[in-house]
1. Just to be sure, is Phe105 of a type in the set (Phe, Trp, Tyr) and at pLDDT below 85?
2. Find all pairs meeting these conditions: Cβ atoms under 7 angstrom apart; at least six residues apart or on different chains; first residue within segment 172-195 and touching a residue at least 12 places away in the same chain (Cβ under 8 Å) and farther than 17 Å from Leu108 by Cβ; second residue of a type in the set (Gly, Ala, Ser) and in a loop (DSSP other than H, G, I, E, B).
3. Hey, can you tell me all the residues within segment 216-226 that are surrounded by fewer than 16 Cβ atoms within 10 Å (Cβ to Cβ) and more than 24 Å from Gly144 (Cα to Cα)?
4. Take Asp156 and decide whether it is in the same structural domain as Pro188 (by TED's automatic domain parsing), part of a loop (DSSP other than H, G, I, E, B) and either under 27 Å from Leu240 (Cβ atoms) or over 24 Å from the mean Cα position of the chain (by Cα) (or both).
5. Give Leu229, Leu244, Leu161 a once-over and let me know the one that is in contact with a Gly (Cβ under 9 Å, 6 or more places away or on another chain) and surrounded by 11 or more Cβ atoms within 10 Å (Cβ to Cβ).
6. So for segment 105-124 (the condition being of a type in the set (Gly, Ala, Ser) and more than 24 Å from Ile239 (Cβ to Cβ)), does at least one residue qualify?
7. Sort out which residues of segment 186-215 are part of a loop (DSSP other than H, G, I, E, B) and either modelled with pLDDT of 90 or more or loosely packed, with under 12 Cβ neighbours inside 10 Å (or both), and write them in order of number.
8. Residue pairs, Cβ under 8 Å, 6 or more apart or interchain, first in segment 197-212 and in the same structural domain as Arg117 (by TED's automatic domain parsing), second at pLDDT 90 or above and in a loop (DSSP other than H, G, I, E, B). List them.
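The values are calculated or read from the model by the stated rules, or taken from the named source; none is laboratory data. What you are looking at is a predicted structure, and each value in this text was computed from that prediction instead of being measured. Positions of Cβ are generated from backbone atoms using ideal geometry, with glycine treated the same way; all protein chains shown enter the neighbour counts.
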Amino acid sequence: MLHANPPSSSTCCPIPLDRPKDLFNYSTTMMKCTAILALAGSAAAFAPAQQAARMSTAMDATAAQKDFFGLKENVDFSKELGVQAPLGLWDPLGLLKESEDYESFNDLREKEIKHGRVAMLAVVGYLTTAAGIRFPGAEDIPAGMASWGALLETKDGMNVLYQMGAFFVAAEIANREAPWTGVTAEFPGDYRNGKLDFGWDKFSDETKMKKRAIELNNGRAAMMGIWGLVIHEMMGVSILPGGLLPGQ
């Protein structure tokens with residue numbers, strides 16, 4: 001005689017299975033119950049989104065969970081350096097909405113600082129050549145955008161362009177964080193790498209933030225300035241003192 005002991009919510013007693021038919025019926029019943037329970041469990045995985053959202057916001061993930069599951073941290077960028085009146089946190093392209101974390105923010109900030117530094121050099125160079133100042137041997141090179149065509153026409157001009165290209169490559173290699181030196185950058189755009197300081201470490205935190213804000217704002221102004229100079233030159237409209245129009 002075969003006996004089976006299925007679980008019960010109240011009591012558990014042996015059920016006699018004297019015939020193969022009884023065993024088959026019992027097994028079929030158990031399979032149906034198992035299938036129903038499995039369907040009920042899988043349905044929970046497809047709960048409405050609102051219910052899932054309420055459940056997920058009920059608990060705050062720990063730092064270990066965020067690291068393991070790759071969860072994004074909730075970061076308030078409105079208090080970062082460069083966020084100021086009247087625009088505040090200005091992100092018209094929504095670049096921070098897709099990746100709200102400090103890694104992406106620092107990457108964008110480093111690009112902004114680098115473009116600002118290049119633009120500041122460009123404005124100084126544009127105004128210097130517009131004022132008639134030249135290196136020896138380059139007296140015949142016109143100012144403004146016309147200088148590119150003039151440099152391409154002569155061998156000496158081509159050498160100048162090659163030197164410019166080599167400088168850009170060297171600057172790109174040198175102006176970056178060098179972790180192999182054992183020095184960690186203090187902030188995005190910090191390329192000292194323990195070599196160049198000029199007394200920066202002697203400044204207070206307040207003075208450092210002020211100087212960083214000055215550089216950032218000057219870079220922003222320079223990016224707008226160089227485009228303004230170039231566009232007005234191409235339009236044939238002077239915005240320089242005395243009606244000076246480079247390249248004409």
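1. Judged against the criteria, Phe105 is not a match.
2. Thr181/Gly194; Asn193/Ala178
3. Within segment 216-226, just Asn217 meets the criteria.
4. For Asp156, the condition - in the same structural domain as Pro188 (by TED's automatic domain parsing), part of a loop (DSSP other than H, G, I, E, B) and either under 27 Å from Leu240 (Cβ atoms) or over 24 Å from the mean Cα position of the chain (by Cα) (or both) - is not met.
5. Just a single option satisfies the conditions, and that option is Leu229.
6. no
7. The answer is Gly194, Lys195, Leu196, Asp197, Phe198, Gly199, Phe203, Ser204.
8. Lys211/Phe203
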